[in-house]
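Worksheet for the structure shown next.
What follows draws every value from the coordinates through simple rules; no lab data is involved. Model, not experiment: these values are computed from the prediction. Using ideal geometry, Cβ is built from the backbone for each residue, glycine included, and neighbour counts are taken over all protein chains shown.
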Amino acid sequence: MLLWSSQIEGKPCDSSGIEVLIGCIESIDKEIKPPPTPAEGCCVGLRYIGMKCVCEVITKEVEATVDMQKLVKLATYCGRPLAPHTQCGSYLVPPVAL
């Protein structure tokens, strides 16, 4: 897959991060309450692409439809948790409550 080789070369991930978001939309859409368990294909794509790539493509337009807290939970569920204080789009991952 071209994305992976472009990531290795340090190039932006282009539309692949958006493709992952689209594949996971039922789990991160602001309108769906509560979110269903993510499809395995969603997690496979997210693990393959990585959250760094996903976060690179998040714009204000994407944030208008994606619940960023759900996205952070999805990343953890799929085994790619975002560290506290990580910037993802304009969203700053909050510190872990003790």
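Determine which residues of the range 71-95 fall in the zone a paramagnetic label at Glu31 would reach in this model, i.e. backbone nitrogen under 18 Å from the point 7 Å along Cα→Cβ.
In the range 71-95, the label zone of Glu31 (backbone N under 18 Å from the point 7 Å along Cα→Cβ) covers 71.
Is there a quick way to get the dipole size of the chain? I mean about its Cα centre, with the Cβ of Lys and Arg at +1 and of Asp and Glu at -1; what is the value in debye to the nearest 20?
It works out to roughly 300 debye.
What residues qualify as long-range amide H neighbours of Cys88, i.e. H under 5 Å apart, gap of 5 or more or another chain, H built at 1.01 Å from N?
Amide H to amide H, under 5 Å and 5 or more residues apart or across chains, Cys88 pairs with Val93.
Note the angle between two axes, namely the Cα long axis of helix 68-77 and the longest principal axis of the Cα atoms of the chain, as a number of degrees from 0 to 90, rounded to the nearest 10.
Tilt relative to the chain: about 70 degrees.
Which of Glu40, Glu19, Glu61 ends up with the largest GNM mean-square fluctuation for the chain, with Cα atoms connected below 10 Å?
With Cα springs under 10 Å in the chain, the top fluctuation among Glu40, Glu19, Glu61 is at Glu61.
If I build a Gaussian network model for the chain, linking alpha-carbon pairs within less than 10 angstrom, which residue out of Gly23, Gly45, Gly79 has the largest mean-square fluctuation?
Of Gly23, Gly45, Gly79, the most mobile in the Gaussian network model is Gly79.
Among the aspartates and glutamates, select those whose C-alpha is under 18 Å from the C-alpha of Lys30, and discard any that sit fewer than 8 residues away in the same chain.
By straight Cα distance, Lys30 reaches Glu19, Glu61, Glu63, Asp67.
Can you work out the FRET efficiency for the pair Glu19 and Glu63, with r the C-beta to C-beta distance and R0 = 25 Å, to the nearest 0.05?
Using R0 = 25 Å, I get an efficiency of 0.90.
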